[in-house]
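The values are calculated or read from the model by the stated rules, or taken from the named source; none is laboratory data. Because the structure is a prediction, the values reported are computed rather than measured. Ideal geometry is used to build each Cβ from the backbone, glycine not excepted, and the neighbour counts take in all protein chains shown. Note: accessible area is taken over every heavy atom of the protein model, side chains too, but ligands, DNA and RNA are not part of it. Shrake-Rupley method; radii C 1.70, N 1.55, O 1.52, S 1.80 Å.
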Amino acid sequence: GAGVSQTPSNKVTEKGKYVELRCDPISGHTALYWYRQSLGQGPEFLIYFQGTGAADDSGLPNDRFFAVRPEGSVSTLKIQRTERGDSAVYLCASSLLGRGAYNEQFFGPGTRLTVL
Amino acid sequence: GDSVTQMEGPVTLSEEAFLTINCTYTATGYPSLFWYVQYPGEGLQLLLKATKADDKGSNKGFEATYRKETTSFHLEKGSVQVSDSAVYFCALSPSNNDMRFGAGTRLTVKP
């Protein structure tokens, strides 16, 4: 079966623009996670969905960042008024059940966002 | 807060050399510990994990033991191959909480 997919693979935008990043999780996975990976760093947690609801959004850096998962499958990460510091690889992961050590997270290839 | 610190790279080894990548953690409770690997052009993959003290995770010839007394989870492999060239991330997860990753260690294995 297909793994986690993310589109686009690369996104270049200008400072101040709005961007949307899409994640298609593995079919049937109830949990979905967004991470941000800056150059030379490990992934940093942004938000976790259980079904349609955001169970934990404590990692979102500010109110310019928002994510939705309206039907409990595909998720969109939305960034308003982008800044150069938002440049990073945005990773999505999904797991069969909720967050926990016994529920392996499967990662997508990421979307590389560059803000000029 | 809970965090992991892993040895800085890059690490360059010859084929069949012994590999150690150090990882230490700071945690208030009893987290689960993980090693993830990212091969060139691919997404992060779980390599191995350990959920309690003294557990040993192993996969593809790699091993790591959860050492509570030294708060460590060092990754080892007895004989690396060129195909092991990748970036390795140590991570921890406090009970039912978000995953915290280290900065990653790039390994290059030369024939």
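A few points about this structure:
- Residue within the stretch B:12-28 that is within 28 Å of A:Gly110 (Cα to Cα) and within 12 Å of another protein chain (Cβ to nearest Cβ) present: yes
- Residues located in the stretch B:27-69, provided they are modelled with pLDDT of 95 or more, open to solvent by 10 Å² or more (accessible area, probe 1.4 Å) and of a type in the set (Ser, Thr, Tyr): B:Ser58, B:Thr65
- Options B:Ser3, B:Ser83: the member that is open to solvent by 10 Å² or more (accessible area, probe 1.4 Å), modelled with pLDDT of 95 or more and of a type in the set (Ser, Thr, Tyr): B:Ser83
- When the stretch A:92-111 is limited to residues that are modelled with pLDDT of 90 or more and over 16 Å from A:Ser73 (Cα atoms), the one that is nearest to the other protein chains (Cβ to nearest Cβ) turns out to be A:Pro109.
- Summed over the stretch A:21-73, the residues that are within 24 Å of A:Glu83 (Cβ to Cβ), of a type outside the set (A, V, I, L, M) and in contact with a Cys (Cβ under 9 Å, 6 or more places away or on another chain) give a count of 6.
- Wholly enclosed strands (runs of 3 or more DSSP E) of the stretch A:18-93 bearing at least 2 residues open to solvent by 40 Å² or more (accessible area, probe 1.4 Å) and among the aromatic types (Phe, Trp, Tyr): none
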